[in-house]
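These notes concern the structure reproduced below.
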Amino acid sequence: MYKSLFLFSSFIVALILSGCAQKISVKALVPAEIDRATSTKKIAITEFKNDFVGLGSKIEANLANQRIDNQTFFTLVSRSDIDKVIREQKIQNSGLVEPSDAVEVGNLIGAQAIISGDVGQVTSSDSFYYESRSKCADKKCSELVYYNVGCNMRVVGLSAQIRMIDIAKGDIIYADTMARAAEYRHCIDDYRAIPSTEIAAQSLANEISQSFTYKLTPHYRYFDVVLLEDADLDYNKDQEKLLESSLEYIKQNRYDKAEKLLMELVDSTGRKSLVAFYNLGVVKEAQGDYIKAQEYYKMADALMVEPIEEVSTAYNRIGSMITNQNKSQEQMAR
């Protein structure tokens, strides 16, 4: 029994310590999912059919504001120019379902691609259920009283058919139904309010718009990388101080200073500390220098005898990041 308790306690302590490990925020450039879309940089977005949530306008705003390293990715044709051509050509603007109509409008307004769509009806369902609660039966709380409280749950869904048509080739670049759903709960003893169906639908439209934008454009995603804080060798006091100080500078976003200290640690350990090389890799990854980061991760991996999850993960991750960065830069240069 005592052995089991000890093992359980050790597991909890390890879990707590791992949760408190110092981390650094890294951003990675991810290429557009629809590669062909990146070759049509001047686009027009027509009025979506049944668009009571303003999905077309949300997509237009997202694409117009999408910037990579302070550069816009798409040039958008103004909605007034699109509407003017539609009126003059007496084309029915019902989402411009027919590619031939889209091509005709696109050629007249000088667009390389047209995005159109059809928004589906919002689905919403409410249900009632109970959740269990407990409270002290007396002031000493020597006994608990269990009881149920009434709760409501609302599930809201939204879908839309979205199309992107290549004007020059007259064919479809992308056509699919995008759907999102959200679940909201409220019990009589909490402060959380369930949003109206209309507000929930607007939120779902924002999600669809953002997801569609990321399909068309390279973008950054952010994630945390764990630093190694414990020496892998028998560090002397000066080496321990170098590691400790480098971690503190990283916490302050002083990557230049941290890199200098870690390089000193590498040299003072005869280039045998995988912790120093790994943390250097993390610093260079955070700075966006993936090639140098890969070099340091490879050095850390070469020194690894027993598997270390952080090192193995970084070794595998950095290759993918370099590939994605190259692909994204190729898409931006088109």
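Per-residue ellipticity at 222 nm, computed for the chain from helices alone with -39500 (n - 2.57) per DSSP H run of at least four residues, works out to -15000 deg cm²/dmol. So for the chain, taking the charge dipole from beta-carbon charges (+1 Lys/Arg, -1 Asp/Glu), which of SER78, TYR146, GLN239 sits furthest toward the positive end? So the residue furthest toward the plus end is SER78.
Could you work out the percent of alpha carbon pairs in the chain separated by over 31 Å, rounded to a whole number? The share of Cα pairs beyond 31 Å in the chain comes to 57 percent. Between the helical axis of 99-109 and the dominant principal axis of the chain, each derived from Cα atoms, what acute angle in degrees is found, rounded to the nearest 10? Its long axis makes an angle of about 90 degrees. Among MET304, MET299, a tally of other beta-carbon atoms within 10 Å of each Cβ gives an order, fewest to most, of MET304, MET299. Alpha-carbon geometry of the range 222-329: the Rg and the Dmax are 13.4, 45 Å, given in that order.
Seen against the Cα atoms of the chain and their longest principal axis, helix 309-333 is set at about 30 degrees.
The C-alpha atoms of the chain define a longest principal axis, and helix 290-303 lies at about 40 degrees to it.
Isolated cysteines of the chain, defined as having no other cysteine beta carbon under 4.7 Å away, are CYS20. When only Cα pairs below 8 angstrom with a gap of at least 6 residues are kept, the chain shows a relative contact order of 21 percent.
Between PHE223 and VAL155, the modelled label-to-label distance comes to 3.0 nm, taking each label 7 Å out from Cα in the direction of the beta carbon. Residues whose amide H lies under 5 Å from that of LYS49, counting only those 5 or more places away or on a different chain, are GLY95, GLY117, ASP118, VAL119; hydrogens are built 1.01 Å from N in the peptide plane.
What is the order of TYR146, TYR278, fewest Cβ neighbours within 10 Å to most? Each step should come with its number before you reach the end.
Numbers: TYR146 9, TYR278 28.
Least to most surrounded, the residues fall as TYR146, TYR278.
So if each residue of separation counts as 0.36 nm, and I subtract the Cα-Cα distance between LYS140 and ILE322, what length gain in nm does that give?
Working: separation 182, 0.36 × 182 = 65.52 nm, distance 6.11 nm.
Residue separation times 0.36 nm, minus the Cα-Cα distance, leaves 59.4 nm.
For the range 112-201, trypsin sites (Lys or Arg not before Pro) meeting the loop criterion (DSSP other than H, G, I, E, B) and having at most 12 other Cβ atoms within 10 Å: LYS139, LYS140, ARG192.
Any read-out appearing in this document is the output of simple, stated calculations on the displayed coordinates, not a laboratory observation. The shown structure was predicted, so the numbers you read here are calculated from the model rather than taken from an experiment. Every residue, glycine as well, gets a Cβ built from its backbone with ideal geometry; the counts of neighbours run over all protein chains shown.
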